[in-house]
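Structure record follows, encoded as structure tokens.
The values are calculated or read from the model by the stated rules, or taken from the named source; none is laboratory data. Keep in mind it's a predicted model, so treat the numbers as computed, not measured. Positions of Cβ are backbone-derived with ideal geometry, glycine not excepted, and every protein chain shown enters the neighbour counts. The accessibility values were calculated without ligands, DNA or RNA, using every heavy atom of the protein model including side chains. Shrake-Rupley method; radii C 1.70, N 1.55, O 1.52, S 1.80 Å.
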Amino acid sequence: MQNNNVSFTSKIQFVPWNTFSKMNKKNSILYFHDTPNILKADEFYSLDIRTCTGGGLTKPSTGEGEGFHFWDDKITQRKANDNVISLIRFVKNPERGLILGGKKLDSNPLSIPLFNKFKNMIAERVKYLTEFSIHKYEDSQTHYHYNTKTDTWTICSEYRKTDNSPQRAVNSLGTLKNAFEKISIAPGDRLFIGNKEILPEHAPDIFQKI
């Protein structure tokens with residue numbers, strides 16, 4: 001018999017930039033063409049995920065976590081399998097994961113294929129994977145922070161619909177859906193926008209069924 005019990009501990013919280021920027025953060029994951037950009041630590045963060053793929057794998061039962069920020073270029077394409085193997089090696093048998101990023105731009109043709117490749121390879125190895133995939137607008141970006149002690153993802157996503165539009169940060173369920181083409185919240189992840197929790201009954205279309 002399948003066990004459908006899930007420990008509801010992981011928290012995903014969207015905040016505006018003025019909140020995110022004032023957080024005490026350590027262990028930055030940078031993004032370069034010729035480095036793996038993977039970091040295992042008790043907490044970590046990465047900025048300016050646009051056409052890249054970012055996120056992390058976690059093992060709440062042991063308090064382990066690692067983050068990544070993969071550039072969308074040919075070097076990353078060539079080393080994609082090795083990067084995922086490194087992720088699984090650093091945190092053995094990860095229990096949960098979060099992946100975000102990607103953008104449809106003619107100037108970045110590898111962005112979507114690489115995002116999907118990483119998502120699919122990780123999903124084969126991690127049962128519970130939350131996804132915020134494909135920024136909808138050309139002028140959009142996401143920053144994230146993860147803390148193993150609180151099992152909390154703090155995310156700031158910003159977008160501008162047109163060159164003349166004001167920049168908006170995700171601050172409601174509506175703006176969250178405006179920011180990404182696909183949102184899929186894994187069982188065991190709790191979604192907050194600011195201090196308000198978004199429950200499955202509020203948005204059944206974005207929560208995975210157990």
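Kindly list the number of the only condition in (1) part of a loop (DSSP other than H, G, I, E, B); (2) open to solvent by 10 Å² or more (accessible area, probe 1.4 Å); (3) in contact (Cβ under 8 Å) with a residue 24 or more places away in the chain that fails for residue 126.
The single condition residue 126 does not satisfy is (2).
Just need a number here: residues in the range 164-182 that are in a helix (DSSP H, G or I) and more than 14 Å from residue 207 (Cα to Cα). Before the answer, list the steps.
Initial filter on the range 164-182 (in a helix (DSSP H, G or I)): 173-179.
Those left that are additionally more than 14 Å from residue 207 (Cα to Cα): 174-175, 178-179.
Residues that pass the stated criteria total 4.
I'm told residue 61 meets every condition in (1) under 21 Å from residue 95 (Cβ atoms); (2) touching a helix residue (DSSP H, G or I) at 6+ places or on another chain (Cβ under 7 Å) except one. Can you identify the failing condition by its number?
(2)
Could you list, in sequence order, the residues of the range 161-187 that are at pLDDT below 95 and either open to solvent by less than 60 Å² (accessible area, probe 1.4 Å) or within 29 Å of residue 61 (Cα to Cα) (or both)?
165
Inside the range 1-22, can you point out the residues that are within 18 Å of the chain's Cα centre (by Cα), assigned to a loop (DSSP other than H, G, I, E, B), at pLDDT 95 or above and exposed (fewer than 15 other Cβ atoms within 10 Å of the Cβ)?
The answer is 21, and nothing else.
Quick one: what pairs do we get from the range 92-107, first residue of a type in the set (Lys, Arg), second open to solvent by 20 Å² or more (accessible area, probe 1.4 Å), C-beta under 7 Å, 6+ apart or different chains?
Pairs found: 96/60; 96/128; 103/50; 104/112.
Exactly one of (1) in a strand (DSSP E or B); (2) in contact (Cβ under 8 Å) with a residue 40 or more places away in the chain is unmet by residue 159. Its number?
(2)
Which residues, counting only those in the range 71-104, are touching a Ser or Thr at 6+ places or on another chain (Cβ under 6 Å) and modelled with pLDDT of 95 or more?
So in the range 71-104, the residues touching a Ser or Thr at 6+ places or on another chain (Cβ under 6 Å) come out as 72, 96, 98, 100-103.
Residues satisfying the conditions are 96, 98, 100, 101, 102, 103.
Just the residues that are under 17 Å from residue 90 (Cα atoms), of a type in the set (A, V, I, L, M) and in contact (Cβ under 8 Å) with a residue 40 or more places away in the chain, please, taken from the range 110-123. First the steps, then the outcome.
Residues of the range 110-123 that are under 17 Å from residue 90 (Cα atoms), as a first pass: 118, 121-123.
Right, trim to of a type in the set (A, V, I, L, M) and you get 121-123.
121, 122, listed by residue number.
Looking only at residues that are acidic (Asp, Glu) and not in a strand (DSSP E or B) in the range 133-153, which one is most open to solvent (accessible area, probe 1.4 Å)?
Keep residues of the range 133-153 that are acidic (Asp, Glu), which gives 138-139, 151.
Next, only the ones that are not in a strand (DSSP E or B) stay: 138, 151.
On the way: 138: 142, 151: 14 Å².
My answer is 138.
Out of the strands (runs of 3 or more DSSP E) lying entirely within the range 28-123, which hold 1 or more residues that are open to solvent by 50 Å² or more (accessible area, probe 1.4 Å)? First the steps, then the outcome.
Details: elements: 38-40, 43-49, 53-59, 64-70, 96-103.
Where strands (runs of 3 or more DSSP E) fall fully within the range 28-123 and carry at least 1 residues being open to solvent by 50 Å² or more (accessible area, probe 1.4 Å), they are 38-40, 43-49.
Can you confirm whether the range 183-199 contains a residue that is β-branched (Val, Ile, Thr), in a helix (DSSP H, G or I), under 20 Å from residue 18 (Cα atoms) and touching a strand residue (DSSP E or B) at 6+ places or on another chain (Cβ under 7 Å)? Spell out the reasoning first.
To start, the set of residues in the range 183-199 that are β-branched (Val, Ile, Thr) comprises 183, 185, 193, 198.
Narrowing the set further to residues that are in a helix (DSSP H, G or I) leaves none.
No, there is no match, as no residue in the range 183-199 is β-branched (Val, Ile, Thr), in a helix (DSSP H, G or I), under 20 Å from residue 18 (Cα atoms) and touching a strand residue (DSSP E or B) at 6+ places or on another chain (Cβ under 7 Å).
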